Structure formats: C-alpha cells, structure tokens
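See structure below.
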Amino acid sequence: MLRPALLALCLLTLPAAAAEPPVLTLGESAERAIQQDRLTVALRAEATGPTAAGVQAEINRRMEAAVARARQSAGVSVETGAYWTHEERPQNQPRRWRGAATLELSGSDMAALTALAGALQEGGMAMSGLRFDLRRETARAAEDELTAEALQRLKLRAERAADALGLRVTGYRAIRLGAAGGEPPPRPMPRAAMADLAAANAPAPIAEPGRATVRVSVEADVLLGPK
C-alpha cells in the first residue's frame with residue numbers, strides 16, 4: 001500500500017484535465033436578386049381520331065417535324081417528355097381515341113426561342129407553358145460570391161459576440177454551407193385553351209423574364225478563449 005505522503009505526491013503530479021473551450025454556434029445568410037437568363041417553353045402535339053394507330057401516327061408526325069425544326073436552332077436544348085393515348089366513349093357519339101406528346105425547348109436566346117415556339121405552333125403544336133430560371137453557371141457563380149459574403153458576416157458577428165463576452169475567437173469547427181433554390185415547373189394551360197391555340201395558329205408568345213432570388217446560408221461552431 002502507498003503511504004499517505006506518497007499518495008498525495010502522485011495526485012499532485014497528475015496532469016489536470018483540459019477544460020473544454022467555450023463554443024458559440026452562429027448562422028448567417030446572404031441573398032441577391034438576379035435577372036433570369038434561361039427560358040423553357042413547353043409544347044405538345046395533340047390528336048384525336050377513330051383509331052389508336054391513326055392518333056399515334058399523327059402525333060409522331062407532328063413531333064418528328066417539331067424536333068427536326070427545333071434542332072436547327074443553335075443554342076436550343078430539345079427534350080421530349082410524356083406520351084399518352086386513351087380511348088374516349090362520349091355519350092351518343094362514336095368512340096374515339098385521343099393522345100398527346102410533350103416537347104420542352106430551353107435556351108438563353110429568349111427572342112429566338114419564342115420565335116421558334118411561334119413557328120412550331122403554326123405547324124400544329126400547342127403551347128403548354130413557359131418558365132424562366134437561371135442557367136446553372138449563373139446560379140453557381142452567384143452562390144460562390146454569396147458564400148464568401150455570408151462567411152465574412154459570420155466572422156464579424158463572431159468577433160463582436162466574443163468581444164462582448166470578454167473573450168476572443170480562437171477557431172472554427174463544423175462549418176456548414178447551404179443553398180436555397182429550385183425551378184418551378186412550367187405553368188400548365190387548360191386543355192381547352194391548348195386546343196384553341198393549336199387550332200388558331202397562335203402567334204409567338206410574349207415572354208419577359210423576371211428576377212430570381214439566390215440565397216446561401218452558413219453555420220459554424222465558433223471556439224472562444226480568453227483574451
């Protein structure tokens with residue numbers, strides 16, 4: 001057994017447990033309204049007839065012509081979407097088939113894109129909707145700038161909070177970055193309106209972009225220590 005004097009000496013020589021530094025959790029954000037620079041036009045080919053095969057053949061003919069015309073336009077992204085057919089049985093009328101296929105065109109040259117949409121409407125396509133958004137490159141550049149701005153705000157706020165507590169900032173940990181955003185889907189039109197547009201050979205749509213708000217958030221655990 002250790003003598004009491006030796007035991008006391010051993011206890012005195014043990015290293016003291018390091019105290020956990022104070023931690024302050026802070027969050028900041030930054031945002032900016034940016035002119036939208038990409039337009040997406042949604043079109044559709046519709047057909048009605050006594051047979052499914054005839055309806056599908058007419059839809060395919062219109063879609064093939066529309067895709068070929070759209071691919072001639074530089075800088076336009078072409079994407080086909082949903083395709084459906086179904087049988088209708090109206091009361092006191094012969095049975096018939098109805099179908100449709102969708103086409104989306106996207107680009108930054110909005111004047112050229114709306115002119116293309118008008119030409120496709122003259123070829124029998126119906127307008128389904130429009131939407132504006134930001135090109136990926138534009139959104140990323142804005143997020144990079146806003147991230148630096150939000151981090152600078154967080155740094156200044158942390159220093160002011162530490163000074164008010166009589167402490168100083170000694171470091172950061174668990175830094176978290178986040179961005180808020182999204183692309184709304186094209187606003188659909190009623191089916192009756194779409195049929196009227198196709199039948200009337202509607203002129204090119206009028207499209208005016210707005211501004212999109214890009215937001216970035218940052219959060220960090222700030223380590224504090226004595227001055």
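Some values worked out for this structure:
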{"item": "Evaluation of Pro94 against (1) within 27 Å of the chain's Cα centre (by Cα); (2) loosely packed, with under 11 Cβ neighbours inside 10 Å; (3) touching a residue at least 12 places away in the same chain (Cβ under 8 Å) (one fails), failing number", "result": "(1)"}
{"item": "Residue satisfying all of: in segment 19-34; among the charged types (D, E, K, R) and assigned to a strand (DSSP E or B); farthest from Arg160 (Cα to Cα) among these", "result": "Arg32"}
{"item": "Glu122 farther than 30 Å from Glu219 by Cα and either surrounded by 19 or more Cβ atoms within 10 Å (Cβ to Cβ) or charged (D, E, K, R) (or both)", "result": "yes"}
{"item": "Condition met for Glu143 (in contact with a strand residue (DSSP E or B) (Cβ under 7 Å, 6 or more places away or on another chain), surrounded by 14 or more Cβ atoms within 10 Å (Cβ to Cβ) and farther than 30 Å from Ala212 by Cβ)", "result": "no"}
{"item": "Failed item, numbered, when Leu113 is tested on (1) surrounded by fewer than 14 Cβ atoms within 10 Å (Cβ to Cβ); (2) within 21 Å of Ala212 (Cα to Cα)", "result": "(1)"}
{"item": "Unique residue being at pLDDT 95 or above, more than 12 Å from Leu26 (Cα to Cα) and not aromatic (Phe, Trp, Tyr) when the list is Glu159, Glu149", "result": "Glu149"}
{"item": "Selection from segment 178-227 of residues that are at pLDDT 65 or above, open to solvent by less than 50 Å² (accessible area, probe 1.4 Å) and closer than 18 Å to Leu113 by Cα", "result": "Ala204, Pro205, Ala207, Pro209, Gly210"}
{"item": "Test: residue in segment 165-172 that is modelled with pLDDT of 85 or more and open to solvent by less than 30 Å² (accessible area, probe 1.4 Å)", "result": "yes"}
{"item": "Cβ-Cβ under 8 Å pairs, at least 6 apart or on other chains, segment 45-64 side under 11 Å from Ala100 (Cα atoms), far side among the hydroxyl-bearing types (Ser, Thr, Tyr) and loosely packed, with under 14 Cβ neighbours inside 10 Å", "result": "Met63/Thr80"}
{"item": "Selected residue (criterion: farthest from Gly49 (Cα to Cα)) from residues of segment 59-116 that are among the small types (Gly, Ala, Ser) and part of a strand (DSSP E or B)", "result": "Gly107"}
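The values are calculated or read from the model by the stated rules, or taken from the named source; none is laboratory data. Please read these numbers as outputs of a predicted model, since none were measured by experiment. Ideal geometry is used to build each Cβ from the backbone, glycine not excepted, and the neighbour counts take in all protein chains shown. Note: areas computed on protein heavy atoms with side chains; ligands, DNA, RNA excluded. Shrake-Rupley method; radii C 1.70, N 1.55, O 1.52, S 1.80 Å.
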